[in-house]
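The structure appears below as structure tokens.
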Amino acid sequence: MATVQQLEQLRTPLRRSYAAGYKYCSRCRTYHLTDSVRCPYCGILLRNSPRKKKPVDSSKYI
């Protein structure tokens, strides 16, 4: 089990993005850089991709 200091370092990243490997806990509303599939604080499953995709530009298609 990780110590509180280690968890705090993982809890406050400067740049939070799924592409950088961060995962989001919807209950704690925090990002974590971890290989685990569950939040280290509450145990809920972490999200590793955004809920919605960006809108597609319709001008690209005929």
State whether one or more residues within the range 20-35 are part of a helix (DSSP H, G or I) and at pLDDT 85 or above. yes
Looking at the structure I just gave you, is CYS42 modelled with pLDDT of 90 or more, in a loop (DSSP other than H, G, I, E, B) and surrounded by 14 or more Cβ atoms within 10 Å (Cβ to Cβ)? no
Among the residues of the range 17-39, which ones are touching a residue at least 24 places away in the same chain (Cβ under 8 Å), surrounded by fewer than 18 Cβ atoms within 10 Å (Cβ to Cβ) and not polar (S, T, N, Q)? TYR18
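The values are calculated or read from the model by the stated rules, or taken from the named source; none is laboratory data. Note that the structure is predicted; figures quoted are calculated from it, not measured. Note: ideal-geometry Cβ built from the backbone for every residue, glycine included; neighbour counts use all protein chains shown.
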